[in-house]
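Engineer: Structure in structure tokens, see below.
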Amino acid sequence: MAEAESNTRIEIRELTKDHGTQRVVDHLTFDVLPGRVTGFLGPNGAGKSTTLRLLLGLERPTHGAATIGGIRFTDLDRPLHRVGALLDPQAAPAGRRARDHLLALAVSNGIPPARVDRVLEQAGIASVGRRRIGTFSLGMRQRLGMAAALLGDPGVLLLDEPTNGLDPEGIIWIRELMRGLAAEGRTVFVSSHLMAESAAFVDHLVVLGRGRLLADTSMEEFISARSARRVRLRTSEPDRMGAALAREGFELVAAEEGRWAVEGIRADRIGALAAREGIPVLELADERASLEQAYLDLTADRAQFSATTV
């Protein structure tokens, strides 16, 4: 298991990329580990796409290194067996038939033709495998791109905005696919700007801002660190609850739809207080920031472009 993990571990070390006088990626250092879905987040212009391109050898770093299992992608033998990538679904040649496109990739990496039919089925596009790619919708191209990424049954998946253009059924499919691949012990690294969608499948977060690393932490820790303590509750005796909380130094504040809110405390402490005082509680829950709120809090001053209110 340890050997398998080392072969699929992504290692970014002091990775730096300059485009002319502009530093796009600035001394990044982090690891992407197998067995979990790692989300790669950041504002537009943060350097996410450039980092993925550097990792895949599509650009050369100004400084530092990006390796997979300690090896640069360009040095991998039959790379589709090690790494599957979806960066640009529009890149597949429009005049080629979908199955022929995958077959060409398979032949170049010593993959049997039967695997082509398998990934077409897995991606839900077997019925259109004979159609030319130029006739595909964006969602169909995304599915074809995923089929190509899965072709070599790789241990590492690099996906850039994989749900873009997909319908709700497709989004659920790719979400379950990514979680399933991670559960098998693969490394799944996903760049996305869809916060709500990312929250549904991501275990770990790497966040960039203006080319620099802002966060490398679990989803739970990321949100908890940016959530003020606040409890939402409903009770049939708000006066007694307010008095009990006041004795503890807290204030009960009216909220929406007959609920109440208390700042600076956790639900378990209120629950214990209510039980001790014999106060009925109809609803009790900790509130915390959403991934989107936590992300915006972290990156508020790191966006390359932002709107102002006139």
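The values are calculated or read from the model by the stated rules, or taken from the named source; none is laboratory data. Just so it is clear, the structure is predicted and the values come from calculations on it, not from any experiment. Because the Cβ atoms are built from the backbone with ideal geometry, glycine has one as well, and the counts that use them run over all protein chains shown.
Engineer: If you take the residues of the stretch 272-289 that are touching a helix residue (DSSP H, G or I) at 6+ places or on another chain (Cβ under 7 Å) and not in a helix (DSSP H, G or I), which of them is surrounded by the fewest Cβ atoms within 10 Å (Cβ to Cβ)?
Structural biologist: Result: Ala285.
Engineer: Looking at the stretch 239-250, I want the residues that are outside the structural domain of Val281 (by TED's automatic domain parsing) and surrounded by 18 or more Cβ atoms within 10 Å (Cβ to Cβ) and have a partner that is at pLDDT 95 or above and of a type in the set (A, V, I, L, M, F, W, C) with Cβ atoms under 7 Å, at least 6 apart or on another chain. Which pairs are those?
Structural biologist: Note: no pairs meet the criteria.
Engineer: Of all residues in the stretch 264-292, how many are at pLDDT 90 or above and charged (D, E, K, R)?
Structural biologist: Residues flagged as at pLDDT 90 or above and charged (D, E, K, R) within the stretch 264-292 amount to 5.
Engineer: Answer yes if at least one residue in the stretch 24-33 is of a type in the set (Ser, Thr, Tyr), assigned to a strand (DSSP E or B) and either surrounded by 20 or more Cβ atoms within 10 Å (Cβ to Cβ) or modelled with pLDDT of 95 or more (or both), and no otherwise.
Structural biologist: yes
Engineer: Related question: Taking into account only those residues within the stretch 39-83 that are of a type in the set (Lys, Arg) and closer than 28 Å to Arg115 by Cα, which is modelled with the lowest pLDDT?
Structural biologist: Arg78
Engineer: Does the stretch 88-106 contain any residue that is touching a residue at least 60 places away in the same chain (Cβ under 8 Å) and not basic (Lys, Arg)?
Structural biologist: yes
Engineer: Continuing with the same structure: In the list Thr67, Thr38, Thr50, which residue meets the criterion of being in the same structural domain as Arg9 (by TED's automatic domain parsing) and assigned to a helix (DSSP H, G or I)?
Structural biologist: Result of the check over Thr67, Thr38, Thr50: Thr50.
Engineer: For the stretch 227-259: of the residues being in contact with a helix residue (DSSP H, G or I) (Cβ under 9 Å, 6 or more places away or on another chain) and under 12 Å from Glu287 (Cβ atoms), which is modelled with the lowest pLDDT?
Structural biologist: Taking the candidates together, the pick is Ser227.
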